Amino acid sequence: VQLQASGGGLVQAGGSLRLSCTASGLTFSSYTMGWFRQAPGKERPFVSAIEWGGGSTYYADSVNGRFTISRDNARNTVYLQMNSLKPEDTAVYYCAAAWRNSDYISRPREYQLWGQGTQVTVSS
């Protein structure tokens with residue numbers, strides 16, 4: 001079972017990036033998929049999630065209106081489109097999977113599987 005995140009990089013403020021997370025070894029459609037991020041020396045707060053069933057989406061206030069999460073169950077992949085990036089978005093971004101979870105999906109401990117992280121750096 002593996003989650004492989006990609007798509008990070010260096011971008012100027014106001015720019016865009018699209019992160020991808022591809023899963024293998026699991027029934028992807030049965031998992032709520034989330035994105036979290038972690039800056040050096042800080043906690044790992046919730047960024048966004050998309051539910052396993054109806055596909056409802058959720059966003060942290062800090063990214064709402066700028067980021068869009070989506071999933072392609074046929075490709076076992078979840079995406080995070082990030083627009084209007086700000087220097088404070090700089091962090092390592094982690095994807096995570098929570099089996100058939102529709103509750104408390106902003107809590108890291110609800111997720112059983114984690115990817116390795118991809119670095120996003122936004123310069124001012």
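The values are calculated or read from the model by the stated rules, or taken from the named source; none is laboratory data. All of these numbers come straight from a predicted model, not from anything done at the bench. In this analysis, Cβ positions are derived from the backbone assuming ideal geometry, glycine residues included, and neighbour counts consider all displayed protein chains. Ligands, DNA and RNA are excluded from the accessible area calculation, which covers all protein heavy atoms including side chains. Shrake-Rupley method; radii C 1.70, N 1.55, O 1.52, S 1.80 Å.
Some observations on this one:
- Considering Gly25, Gly41, the condition of being touching a residue at least 24 places away in the same chain (Cβ under 8 Å), open to solvent by 60 Å² or more (accessible area, probe 1.4 Å) and over 15 Å from the mean Cα position of the chain (by Cα) is satisfied by Gly25 alone.
- Filter result (closer than 14 Å to Met33 by Cα and either free of Cβ contacts under 8 Å to residues at least 40 places away in the same chain or open to solvent by 60 Å² or more (accessible area, probe 1.4 Å) (or both)) within the stretch 87-105: Trp99, Arg100, Asp103, Tyr104
- In this structure, Ser84 does not qualify as open to solvent by 40 Å² or more (accessible area, probe 1.4 Å) and part of a strand (DSSP E or B).
- Of all residues in the stretch 40-89, those satisfying the criterion of being basic (Lys, Arg) and farther than 18 Å from Val120 by Cα are Arg71, Arg75.
- Subset of the stretch 1-22 that is touching a Ser or Thr at 6+ places or on another chain (Cβ under 8 Å) and assigned to a loop (DSSP other than H, G, I, E, B) - its residue that is surrounded by the most Cβ atoms within 10 Å (Cβ to Cβ): Gly8
- Tabulated pairs, the stretch 48-77, first within 20 Å of Ala13 (Cβ to Cβ) and of a type in the set (Ser, Thr, Tyr), second open to solvent by 60 Å² or more (accessible area, probe 1.4 Å) and assigned to a helix (DSSP H, G or I), C-beta under 8 angstrom, 6+ apart or interchain: Ser62/Glu88
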